[in-house]
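**Student:** Questions regarding the structure given below will be posed in turn.
The values are calculated or read from the model by the stated rules, or taken from the named source; none is laboratory data. Keep in mind it's a predicted model, so treat the numbers as computed, not measured. Heads up, the Cβs are rebuilt from the backbone with ideal geometry, glycines too, and the neighbour counts pull from every protein chain shown. Just so you know, the surface numbers come from the protein's heavy atoms only, side chains and all, with ligands and any DNA or RNA stripped out. Shrake-Rupley method; radii C 1.70, N 1.55, O 1.52, S 1.80 Å.
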Amino acid sequence: MDHRTRLYLITPPVITDLGAFETDLLSALDAGDVACLQVRLKGADGKTVDVDATRRFGEKLIEKVQARDVAVIINDRADLAAELGADGVHIGQSDGTFKDAKKWVGEHGIVGVTCHDSRHLAMVAGEQGADYVAFGAFCPTETKEAPTQAEPELLTWWQEMMELPCVAIGGITPANAEPLVQAGADFLAVSGGVWKHEAGAAAAVADLNAIFDRVAGA
C-alpha cells in the first residue's frame with residue numbers, strides 16, 4: 001500500500017491555560033508527522049465559536065505551529081482565519097457557503113467541508129472546489145454532538161472514486177484508528193484521542209504515526 005494516512009489534529013474545545021497547552025501542543029507536533037491543526041474552541045454553549053479564545057490562541061500560537069510546517073485551520077469562521085493569518089477554514093453544512101469562505105481565505109487558502117455520512121454532500125463540496133471533505137462520526141465522541149454515524153466503507157468508496165482527500169472524524173483514538181486507516185482515510189481528525197491519552201499527547205501522536213506507517217508498509 002503506497003497510500004499513507006496523516007494526522008489532522010484538533011484542539012480541545014476549551015483551553016483554560018494557554019501557556020501549559022503550548023508546551024503540550026509543541027511536544028505533540030514534535031512527536032511525529034502532523035499535517036494540520038484545526039483550532040476549534042467553543043463557547044459556553046459548546047457549539048458556537050469562542051471568538052476571543054480563538055484570537056488569543058491565534059496571536060500566541062499560529063506562527064509557532066506554522067513554523068513546524070503544520071497548516072493551521074480555523075473551525076467555522078473564515079473571517080477569523082483571514083484575520084489571524086491561518087492557512088484555511090473548516091466549515092460545516094450550516095456555517096455559510098463555500099463561496100463566501102473562499103472569498104475570505106483567498107485563492108490559496110484551504111477550505112474543508114463537513115459532509116457527515118453523505119456521498120451527495122461530499123460530491124457537491126468537491127464540485128464547488130473544496131480542498132478536502134470530512135466524513136463522520138465514525139466512533140462515539142465526547143467532543144461534540146455527532147448528528148450522523150459513518151461507516152468505514154464510505155472512505156473506501158470515496159478513495160476509489162475520487163481524487164479529493166477525505167478526512168475521517170469522530171471519536172478516533174490510537175486504539176480504534178487502524179480500521180479507518182485501512183479503509184483509506186487520507187487524514188484522521190483526532191482531538192480527545194490525543195489530548196486525553198493516558199500517556200500524554202506526544203505519545204498519542206507517536207502511536208498514531210506508528211499505525212500509519214504500519215498500514216502504509218503492509
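**Student:** What are the residue pairs meeting all of these: first residue in the stretch 191-202, first residue closer than 14 Å to residue 23 by Cα, second residue at pLDDT 95 or above and part of a loop (DSSP other than H, G, I, E, B), Cβ atoms under 7 Å, and 6 or more apart or on different chains?
**Tutor:** 195/12; 202/31
**Student:** Going through the stretch 36-61 one residue at a time, which ones are without any contact (Cβ under 8 Å) to a residue 40 or more places away in the chain, among the hydrophobic types (A, V, I, L, M, F, W, C) and crowded, with 18+ Cβ neighbours inside 10 Å?
**Tutor:** 37, 41, 49, 53
**Student:** Same structure again: Residue check: is residue 70 farther than 25 Å from residue 127 by Cα, aliphatic (A, V, I, L, M), in contact with a Cys (Cβ under 7 Å, 6 or more places away or on another chain) and modelled with pLDDT of 95 or more?
**Tutor:** Yes, satisfied.
**Student:** Residues that are open to solvent by less than 50 Å² (accessible area, probe 1.4 Å) and out of contact with any Ser or Thr (no Cβ under 8 Å at 6 or more places or on another chain), at least 2 per element: which strands (runs of 3 or more DSSP E) completely within the stretch 128-203 meet that?
**Tutor:** In the stretch 128-203, 132-136, 166-169 are the strands (runs of 3 or more DSSP E) which contain 2 or more residues that are open to solvent by less than 50 Å² (accessible area, probe 1.4 Å) and out of contact with any Ser or Thr (no Cβ under 8 Å at 6 or more places or on another chain).
**Student:** Could you check, for the stretch 63-70, whether at least one of its residues is within 27 Å of residue 128 (Cβ to Cβ) and not in a helix (DSSP H, G or I)?
**Tutor:** yes
**Student:** Further question on the same structure: How many residues does the stretch 23-35 hold that are within 26 Å of residue 47 (Cβ to Cβ) and open to solvent by 30 Å² or more (accessible area, probe 1.4 Å)?
**Tutor:** The qualifying residues number 1.
**Student:** Looking at residue 165, is it touching an Asp or Glu at 6+ places or on another chain (Cβ under 6 Å), within 27 Å of residue 109 (Cβ to Cβ), of a type outside the set (A, V, I, L, M, F, W, C) and without any contact (Cβ under 8 Å) to a residue 60 or more places away in the chain?
**Tutor:** Answer is yes for this residue.
**Student:** Within the stretch 5-12, can one find any residue that is over 23 Å from residue 122 (Cβ atoms), open to solvent by less than 50 Å² (accessible area, probe 1.4 Å), in a helix (DSSP H, G or I) and modelled with pLDDT of 95 or more?
**Tutor:** No, every residue in the stretch 5-12 fails to be over 23 Å from residue 122 (Cβ atoms), open to solvent by less than 50 Å² (accessible area, probe 1.4 Å), in a helix (DSSP H, G or I) and modelled with pLDDT of 95 or more.
**Student:** Testing residue 125 on (1) part of a loop (DSSP other than H, G, I, E, B); (2) among the aliphatic types (A, V, I, L, M); (3) without any contact (Cβ under 8 Å) to a residue 40 or more places away in the chain; (4) surrounded by 17 or more Cβ atoms within 10 Å (Cβ to Cβ), one condition comes back false. Which one is that?
**Tutor:** Going through (1) part of a loop (DSSP other than H, G, I, E, B); (2) among the aliphatic types (A, V, I, L, M); (3) without any contact (Cβ under 8 Å) to a residue 40 or more places away in the chain; (4) surrounded by 17 or more Cβ atoms within 10 Å (Cβ to Cβ) one by one, residue 125 breaks only (1).
**Student:** Out of the stretch 89-116, which residues are open to solvent by 70 Å² or more (accessible area, probe 1.4 Å) and either charged (D, E, K, R) or touching a strand residue (DSSP E or B) at 6+ places or on another chain (Cβ under 8 Å) (or both)?
**Tutor:** 93, 99, 100, 103, 104, 107
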